[in-house]
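Report on the structure given below.
No lab work stands behind these numbers, since they all come straight from the coordinates. Quick caveat, the model's predicted, so the values are computed rather than measured. Cβ sites come from the backbone with ideal geometry, for glycine too, and all protein chains shown count toward neighbours.
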Number of protein chains: 2
Amino acid sequence: MATNPDVTKPASPEEQDKFLNDVFQMCMQRAVQASRDRNTPLVNFKKPEELKKLLNFELQGTGESHTNLLALCDKVFDYSVLSGHPYFFNQQIGGLDSYGYAGNLITDALTTNGHTYEIAPVFTMTEFAVLEHMLKLVGFHNGEGTFCPGGSYCGMLAMNVARLQKYPDSKSKGLYGLPRLVTFCSEQAHYSAEKNSTLLGLGTDNCWKVKCDNRGKMIPEEFEKRVIQCKNEGAVPIMVVATAGTTVLGAFDPFHEIADICSRHDIWMHIDAAWGGAALLSQKYKHLCDGVNRADSLAWNPHKMMMAPIQCSVLLLKEKDLLNRCHSINVPYLFQNDKPYDTKYDLSRNLVQCGRSCDALKLWLMWKAKGDSGFESQVNQALAKAEYLTEQIRKRSDFRLVIPEPEYTNVSFWYIPPSMAGKEENADYFKQLASIVPTIKLRMQLSGKLLVGYSPVGDYPTFFRMIVLNDKVNFEDMDHVLNEIERNGRDL
Amino acid sequence: MATNPDVTKPASPEEQDKFLNDVFQMCMQRAVQASRDRNTPLVNFKKPEELKKLLNFELQGTGESHTNLLALCDKVFDYSVLSGHPYFFNQQIGGLDSYGYAGNLITDALTTNGHTYEIAPVFTMTEFAVLEHMLKLVGFHNGEGTFCPGGSYCGMLAMNVARLQKYPDSKSKGLYGLPRLVTFCSEQAHYSAEKNSTLLGLGTDNCWKVKCDNRGKMIPEEFEKRVIQCKNEGAVPIMVVATAGTTVLGAFDPFHEIADICSRHDIWMHIDAAWGGAALLSQKYKHLCDGVNRADSLAWNPHKMMMAPIQCSVLLLKEKDLLNRCHSINVPYLFQNDKPYDTKYDLSRNLVQCGRSCDALKLWLMWKAKGDSGFESQVNQALAKAEYLTEQIRKRSDFRLVIPEPEYTNVSFWYIPPSMAGKEENADYFKQLASIVPTIKLRMQLSGKLLVGYSPVGDYPTFFRMIVLNDKVNFEDMDHVLNEIERNGRDL
Ligand SMILES: Cc1ncc(COP(=O)(O)O)c(C=O)c1O
Ligand SMILES: Cc1ncc(COP(=O)(O)O)c(C=O)c1O
């Protein structure tokens with residue numbers, strides 16, 4: 001014993017530092033700087049089988065030299081999507097924020113576990129600071145919160161808290177012996193409400209979808225009808241997931257009306273503001289969120305509209321101590337009371353998670369760099385560009401808006417190729433418009449020049465869904481999108 | 001409309017790049033290089049209230065200059081814990097791996113969402129490559145897997161799959177109408193089994209703890225007894241969480257015996273190898289995991305023993321398509337069948353998560369850099385150092401091992417100060433030994449020179465738990481730990 005086992009000779013510290021420097025410079029050139037240049041392709045699309053031939057993904061018995069590793073890293077950039085590129089409109093993420101990236105550099109260098117103050121003191125304090133600030137923005141004046149791995153996870157935790165505060169015994173006894181519990185969301189809510197219902201043992205059948213109006217907003221009367229129906233069936237309505245900024249149309253549910261119904265029927269009101277929470281940052285647009293302060297909990301993904309690097313998701317609760325009451329158990333190896341600090345700072349005490357990545361610092365650094373005013377102008381600019389885009393679509397006879405007056409930065413529309421101009425606008429007509437959307441998208445994707453998402457929703461067949469959030473995008477880029485779609489769809 | 005709203009003047013691209021470069025150099029100096037020097041303090045401990053005075057965490061209306069931001073970042077390093085420092089033995093993480101860090105630099109620069117191939121092609125393929133390799137190591141020859149946000153989450157997903165494959169209808173109907181479902185784990189299993197039981201609606205009372213032997217291993221006869229008791233009560237045993245490497249003692253449950261019982265009683269066998277899975281990387285130590293291939297699922301945290309940056313957790317399943325069957329729902333806005341690639345590569349189709357950070361690339365890059373052999377020697381070295389430490393403890397009369405023959409790199413022990421030497425070793429004696437552990441730890445923590453964790457477990461009162469995993473730690477460091485504990489505890 002005590003003899004050193006065989007060691008494959010690792011690179012020296014100096015060689016490793018050189019390697020890290022080389023990789024960082026590659027990141028700067030191939031992502032940070034490349035994504036500023038509109039002429040850089042934002043994707044060089046390859047199918048999985050092709051990609052496997054171009055990049056050797058397979059893991060082997062022996063290690064590679066730094067030279068080979070750098071060549072591999074170069075290929076990673078060759079075939080990855082530049083989500084920070086101004087022509088990336090494919091998803092609710094993007095923008096490659098310098099301060100967010102800087103925050104990640106630090107978080108990764110100090111790689112630690114956000115479960116206890118002891119080994120993550122600064123990260124913990126940044127988490128508290130950001131949460132406090134966001135609680136204020138929402139109007140939860142005596143609340144608490146936590147960062148979570150994703151918006152879906154936030155909704156899951158909220159659902160768990162909603163259930164456990166109503167039936168505290170179910171923490172130990174489970175759902176056995178309880179009546180059937182029903183959760184509600186609008187038919188255009190994010191699918192996580194349904195997935196979380198399965199996960200928590202309620203089942204998708206007990207996640208009831210409430211009808212929306214033609215702008216994608218939950219109809220409060222329909223909600224109350226369903227609540228009453230639920231009670232008549234002998235089930236218990238426990239929670240509604242209202243949405244601030246739906247995924248596809250960007251709709252905001254009527255929070256005041258929903259809150260009234262919730263208080264009448266003793267229902268936990270959760271707001272999924274994963275996407276729309278950012279409106280709270282703007283004096284001009286925060287009215288979209290009117291009434292969110294009446295909710296019991298709210299989920300907000302700074303990794304979407306605020307351009308924080310993924311993952312960065314926050315759950316806020318109106319009432320203090322609920323997280324602890326619902327989740328704490330006695331864990332002597334990790335959470336000790338004989339610590340030289342107030343152990344409320346050991347964040348995982350109150351969570352289902354044990355180990356946690358430290359997701360707060362990057363957002364904290366962004367906020368320090370921009371201030372509220374920087375975020376406000378970011379949101380205002382995004383909305384101004386979306387409004388400009390909407391106006392251009394109205395002006396162009398070969399485009400058709402799905403929703404006449406979008407509320408948020410989602411702009412949904414069809415392109416009408418010359419072959420269809422002037423045709424009667426019946427159901428078939430829209431089906432045909434829908435059918436060409438994927439073709440146009442694919443052409444743009446293969447050209448590497450533009451990525452725009454598409455989706456059907458409710459009665460509307462597939463349409464383009466533009467998402468504007470990147471602060472490096474300008475008004476001309478909006479025209480460019482429409483021109484590119486025209487150019488790629490003209491012959492269809 | 002279309003007029004640009006007020007903008008707080010942001011820094012130019014060149015200024016932003018300079019800032020990023022400055023931050024990166026700070027990371028290199030203050031974390032990567034600093035943590036190589038044993039004379040660098042690994043923590044400058046401050047209480048939360050003190051820290052708030054030293055570092056202005058509060059968020060404000062306006063942004064800060066780059067100069068001020070850099071000063072803030074400097075303070076972040078001043079008061080953070082250097083988990084990569086060779087004297088950090090506090091948790092099952094550490095080591096600051098250069099290739100892991102490089103992988104993070106790239107992942108962060110390409111910041112994207114790992115939910116679909118379309119926007120994360122390379123990340124997706126690295127995820128498949130790593131999973132395939134790990135499946136082989138475990139011996140799941142036709143399995144599948146996924147990265148998850150944390151080992152606790154892996155266990156949750158496994159529990160959900162165990163339930164849904166047994167009661168497929170519960171996906172839609174929930175637990176209503178089902179008999180009481182019971183899960184099992186050892187009394188020394190990680191607490192996530194219990195938390196997950198609450199989360200999934202089973203309740204902590206239905207997570208039964210099976211007795212361990214004095215080395216911390218589940219006693220199979222006790223397990224079967226409890227299974228029979230459960231059935232006699234009219235409940236249904238659905239899952240056991242066996243552990244490969246318990247958190248505190250590093251014990252490995254007897255997998256073959258447990259597997260036999262599981263097949264006799266039709267119970268899903270999950271192995272929590274969050275900590276001990278790394279033994280599979282070593283020819284010399286993989287026997288510790290004998291029988292893991294008989295499990296239905298296995299969770300493995302590369303962010304622990306393998307030194308991957310947090311978060312990096314993997315769930316592996318023996319059978320293909322279960323994840324999809326249990327979790328997929330129709331989500332037309334995100335998962336579309338008219339894509340130019342096989343949509344099995346859209347990973348979130350099969351998950352509860354929607355958005356996902358791309359956690360695989362960093363591990364993939366580490367594996368490329370080291371090869372299997374590099375990881376093997378990393379594990380062998382860690383075990384060799386733990387064995388050396390164990391031997392030194394045996395040799396020193398003022399130390400006492402908790403477990404005479406540790407199986408893994410957890411080494412648990414008490415220090416016996418001169419005032420207690422030669423006393424009778426009864427229950428009181430050990431209680432007294434336990435009582436001085438936090439004092440010694442605190443002294444070392446305040447000196448900034450050494451961080452070692454402690455814990456009680458089962459009948460053993462609080463002891464030091466050394467965790468050896470960092471490949472920059474050497475044999476002399478083991479002696480240093482004992483010397484430091486002696487030096488700080490001598491007067492107690
Ligand atoms: C044995 C074991 N299982 C599970 C976990 C939980 O993993 P995580 O902290 O990633 O949730 C841990 C970590 O502490 C562990 O030691
Ligand atoms: C409205 C809404 N809610 C929730 C989510 C889920 O967030 P995440 O992807 O972080 O789980 C999304 C993201 O797609 C969303 O748009």
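At-a-glance table
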read-out: The range B:6-140: Rg to Rh, with Rh as the Kirkwood radius over Cα pairs; value: 1.05
read-out: Rounded to the nearest 20 debye, dipole of chain B from Cβ charges on Lys, Arg, Asp, Glu; value: 460
read-out: Residue (of A:TYR167, A:ALA244, A:LEU202) at the positive-pole extreme of the range A:112-361, dipole from beta-carbon charges; value: A:LEU202
read-out: Computed over the range A:340-492, Kirkwood Rh from alpha-carbon pairs, angstrom; value: 18.2
read-out: Normalised convex hull volume, the range A:112-361, alpha-carbon set, Å³ per residue; value: 118
read-out: Compactness relative to 2.2 N^0.38 Å, alpha carbon Rg of chain A; value: 1.07
read-out: Net charge over other residues, Cβ less than 9 angstrom from the Cβ of A:CYS326 (K, R count +1; D, E count -1); value: +3
read-out: C-alpha center-to-center spacing [the range B:366-415, the range B:182-213] in angstrom; value: 29
read-out: If the convex hull is drawn through the Cα atoms of the range A:233-273, its volume per residue in Å³; value: 78
read-out: Table column - 3J(HN,Hα) (Hz), the range B:453-458, Karplus curve with 6.51, -1.76, 1.60, x for Gly and Pro; value: x, 9, 5, x, 7, x
read-out: Kirkwood Rh and Cα Rg combined as Rg/Rh, the range B:216-329; value: 1.00
read-out: D_trans [Stokes-Einstein, Kirkwood Rh over alpha-carbon pairs] for the range A:316-402, 20 °C, 1.002 mPa s, µm² s⁻¹; value: 121
read-out: Across A:LYS136/B:LYS18; A:LYS344/B:LYS52; B:LYS304/B:LYS370; A:LYS195/A:LYS320; A:LYS209/A:LYS231, pairs whose alpha-carbon gap is larger than 24 Å; value: A:LYS136/B:LYS18; A:LYS195/A:LYS320
read-out: Cα centre as origin, Lys/Arg/Asp/Glu Cβ charges: the range A:112-361 dipole, Debye; value: 160
read-out: Whole-Å distance, taken between Cα centres, linking the range A:438-492 and the range A:30-46; value: 17
read-out: About the Cα centre, charge dipole magnitude for the protein assembly as shown (Lys/Arg +1, Asp/Glu -1 at Cβ), debye; value: 700
read-out: Dimensionless Rg/Rh of the protein assembly as shown - Kirkwood Rh, Rg from C-alpha atoms; value: 0.96
read-out: Structure-based [θ]222 nm, chain B - -39500 (n - 2.57) summed over DSSP H runs of at least 4, per residue, nearest 500; value: -13000 deg cm²/dmol
read-out: Stokes-Einstein D (µm²/s) once Rh is taken as the Kirkwood radius of the range A:81-145 over alpha-carbon pairs, at 37 °C in 0.692 mPa s; value: 229
read-out: Geometric extent, Cα atoms of the range A:277-327 - Rg, Dmax (angstrom); value: 12.8, 38
read-out: 7 Å along Cα→Cβ, label-point gaps from B:LEU442 to other copies, nm, shortest first; value: 6.8
read-out: Given charges at Cβ of Lys, Arg, Asp, Glu: the range A:112-361 dipole, positive-most of A:ALA278, A:TYR176, A:MET125; value: A:TYR176
